[in-house]
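Read the structure below first, then the notes.
The values are calculated or read from the model by the stated rules, or taken from the named source; none is laboratory data. Please read these numbers as outputs of a predicted model, since none were measured by experiment. Cβ coordinates were reconstructed from backbone atoms using ideal geometry, including for glycine residues, and neighbour counts include every protein chain displayed.
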Amino acid sequence: MSNGAVYVVDTSALMDWHDRYYPTDVFPTLVTHVDSLIADSRLMSVELVHDEVTKMGSATLQSWAKRRKSIFDPTKNHLVQALAIEGQYPALKDPNAQFDEADAYVIALAQIQGAVVVTAETPAAHKRKPKRAMYIPDVCAALGMACISNLGMMRREGWGL
């Protein structure tokens, strides 16, 4: 029961899937479902997410991402849009980040593709002590874009596990 939506995934969504809540050894059919979205060009991400997965993801997630490198769109394809988002919503950037963050780039690619953002982040208002004033769901809401969790994507796609 596909709805035809295109999804752009954030690092946190991939890490939640592989490393936290839906590990592939317990939920092996998720890989099949996700690979089907990839084959249909309905699931993608940005190069900076691949970089973050390489730095912070589990060995399993790193291996998965390496085998699917083609889903990670090059930064140059959405750089202008991402910089505009960072300029419009400077509170999205983590002031303590030591490397480029993928958040604005994920949102930019989703804007360009008319896609749904998939993230494990929650809005700043839902956090007890947020490190910054805006997160991906806050910016998506401000821009009128759909932003869901992994579970939201599974429900939209009708994946009964």
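Laid out as a table, the results:
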{"read-out": "Hey, Arg67 charged (D, E, K, R), out of contact with any Pro (no Cβ under 7 Å at 6 or more places or on another chain) and within 24 Å of Phe27 (Cβ to Cβ) or not", "value": "yes"}
{"read-out": "Only one of Val106, Val116 that is touching an Asp or Glu at 6+ places or on another chain (Cβ under 8 Å) and either surrounded by 20 or more Cβ atoms within 10 Å (Cβ to Cβ) or over 19 Å from Met44 (Cα atoms) (or both)", "value": "Val106"}
{"read-out": "Any pair with Cβ under 8 angstrom, 6 or more apart, that starts in segment 127-141 at a residue that is free of Cβ contacts under 8 Å to residues at least 12 places away in the same chain and ends at one that is surrounded by 12 or more Cβ atoms within 10 Å (Cβ to Cβ) and in a helix (DSSP H, G or I)", "value": "Pro130/Ala124"}
{"read-out": "Residues within segment 130-155 that are over 13 Å from the mean Cα position of the chain (by Cα), farther than 30 Å from Pro28 by Cβ and among the hydrophobic types (A, V, I, L, M, F, W, C), tallied", "value": "7"}
{"read-out": "So Ala84, is it hydrophobic (A, V, I, L, M, F, W, C), more than 19 Å from Ala13 (Cα to Cα) and surrounded by fewer than 20 Cβ atoms within 10 Å (Cβ to Cβ)", "value": "yes"}
{"read-out": "Segment 131-161 - residue that is over 19 Å from Gln111 (Cβ atoms) and in contact with a Phe, Trp or Tyr (Cβ under 7 Å, 6 or more places away or on another chain) and, of those, surrounded by the most Cβ atoms within 10 Å (Cβ to Cβ)", "value": "Asn150"}
{"read-out": "Residue check, Val117 closer than 27 Å to Pro23 by Cα, outside any loop (DSSP other than H, G, I, E, B) and modelled with pLDDT of 95 or more", "value": "yes"}
{"read-out": "Matching option when the condition is modelled with pLDDT under 95 and part of a helix (DSSP H, G or I), among Arg155, Arg132, Arg128", "value": "Arg155"}
{"read-out": "Qualifying residue in segment 50-68 (condition: of a type in the set (Ser, Thr, Tyr) and crowded, with 16+ Cβ neighbours inside 10 Å)", "value": "no"}
{"read-out": "Residues satisfying the stated conditions in segment 106-128, i.e. touching a strand residue (DSSP E or B) at 6+ places or on another chain (Cβ under 7 Å) and within 18 Å of Val80 (Cα to Cα)", "value": "Val106, Ile107, Leu109, Ala110, Gln113, Ala115"}
{"read-out": "Residues located in segment 67-96, provided they are closer than 20 Å to Thr54 by Cβ, part of a helix (DSSP H, G or I) and either over 17 Å from the mean Cα position of the chain (by Cα) or among the acidic types (Asp, Glu) (or both)", "value": "Arg67, Lys76"}
{"read-out": "Cβ pairs under 6 Å, 6+ apart, first in segment 40-63 and acidic (Asp, Glu), second part of a helix (DSSP H, G or I)", "value": "Glu47/Thr75; Glu52/Thr11"}
{"read-out": "Residue count, segment 11-57 (criterion: assigned to a loop (DSSP other than H, G, I, E, B), within 19 Å of Ile148 (Cα to Cα) and within 14 Å of the chain's Cα centre (by Cα))", "value": "1"}
{"read-out": "Hey, Val8 on the phi < 0 side of the Ramachandran plot and part of a strand (DSSP E or B) or not", "value": "yes"}
